[in-house]
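Notes follow once the structure below has been shown.
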Amino acid sequence: MRRLKRKQKKYTAFKNVVIFPGTVETLIARAHEYVENYQYDLANSSFEEALKYTEGDEVTLSVYAYSLYETKSFEKAKKVCEELLSIGPTMYLEVMELYLTICMQLKQYKQVESIISSLLEEGAIPQEQIDKFERLKDINSNIADNVKKQEDIIASVNEIDEDLFQLEKFLSLPPNRQLTLVHELTTMNIRPIVQQLKAIIENEETHPFIKSIVLILLVEQQVDVNIKISKFEQEKYVNPTVLELPTKMPQFIAVSKIIIEKLEKEPSTLEMVEYLLSKHAIVTYPFEWLHYETEDVAISYIDLVRAMFGSVQEMDYELVEFLQILEKLTELQEV
């Protein structure tokens, strides 16, 4: 008797991963369902997974591009549109309109201008849709002009008066004025005056609080420069590109955790302690609380605030006195 051969199921292998029949179709169907329910993030994940194992057809890529656009994933949406346009979709103009809109979102106004002009010159746009694309071209032109005007205004407002940050001139100003000038730099590109800012931080006469604020500014803008900073008889070399902000430093995190645990049932005291902690972390930055132990620092802040509220108790007077010095420095007083 002849033995019947068992029918073998066919599987697709992708980079040593076995794809079971129907998997891709299920992922795509699920993605379409997500789009219909406005769940674009979930749709994008399903599309992305499916397209690892298959080349997208016109419908799949069109819906995927639209879904990406809805989640403001403009760079990805642009690439999908380019792939779609390369296969010559039947809904070419609809895809092109989406592509141009994405380019506008990416502020690629010159590219939009060039594409629409070429389409009009080549007669690639049907007569009944010419008005639509001309309006799109006008909108693009208006947005580009407005953006340029806005950038010009910001540039004129944000011009840095470099003379004010020359070391001798800067140090001749009262600390409050110095602080105001540094704060004004937060919305500007400070790289043209990096050497002046470096000199301000490294100078012994600069107020410790001002040194910290300038250093924080360099950290926030990730300026790659080596700086020698000294304060409280401590000295170290730092580079802003690898330096954490004060509230992300290890000891600050540890002290904060202890304080929260100890003052869980005293919200008013906790609020005041956290306020002082954040201010003082700036003054000592990047040295944190010098040689003092984390537990002692946390307890001393609690003792200090309780004393401010009228509670008299035993405390580490040396450490509490140091915290009081930090408080004076946050007010830009010399000590």
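A few notes on this one:
- Residue in region 105-115 that is modelled with pLDDT of 90 or more, crowded, with 18+ Cβ neighbours inside 10 Å and more than 26 Å from Asp145 (Cβ to Cβ) present: no
- Qualifying position, being in a helix (DSSP H, G or I) and farther than 30 Å from Leu197 by Cα, among Asp163, Asp138: Asp138
- Residue list for region 45-87, filter: open to solvent by 60 Å² or more (accessible area, probe 1.4 Å), in a helix (DSSP H, G or I) and among the β-branched types (Val, Ile, Thr): Val59
- Positions within region 45-75 being without any contact (Cβ under 8 Å) to a residue 24 or more places away in the chain and under 25 Å from the mean Cα position of the chain (by Cα), in sequence order: Ser45, Glu48
- When Glu205, Glu244 are checked against the criterion of being under 24 Å from the mean Cα position of the chain (by Cα) and not in a helix (DSSP H, G or I), a single residue qualifies: Glu244.
- Annotation: of all residues in region 304-320 being farther than 20 Å from Ser278 by Cβ and surrounded by 13 or more Cβ atoms within 10 Å (Cβ to Cβ), the one that is modelled with the lowest pLDDT is Met315.
- The residue that is nearest to Ser67 (Cα to Cα), among those in region 127-136 that are more than 32 Å from the chain's Cα centre (by Cα), open to solvent by less than 50 Å² (accessible area, probe 1.4 Å) and not polar (S, T, N, Q), is Phe133.
- Hits in region 213-259 (condition: open to solvent by 80 Å² or more (accessible area, probe 1.4 Å) and closer than 18 Å to Trp289 by Cβ): Glu233, Glu235, Glu244, Lys248, Pro250, Ile253, Lys257
- Among the residues making up region 269-295, those that are hydroxyl-bearing (Ser, Thr, Tyr), in contact (Cβ under 8 Å) with a residue 24 or more places away in the chain and open to solvent by 20 Å² or more (accessible area, probe 1.4 Å) are Ser278, Tyr292, Thr294.
- Val194 being surrounded by 13 or more Cβ atoms within 10 Å (Cβ to Cβ), in contact with a Leu (Cβ under 9 Å, 6 or more places away or on another chain), in a helix (DSSP H, G or I) and without any contact (Cβ under 8 Å) to a residue 40 or more places away in the chain: yes
The values are calculated or read from the model by the stated rules, or taken from the named source; none is laboratory data. Being a predicted model, the structure only gives us computed values, none of them experimental. Reconstructed Cβ throughout: ideal geometry from the backbone, glycine too, with neighbour counts over all protein chains shown. Surface accessibility is based on the protein's heavy atoms, side chains included, excluding ligands, DNA and RNA. Shrake-Rupley method; radii C 1.70, N 1.55, O 1.52, S 1.80 Å.
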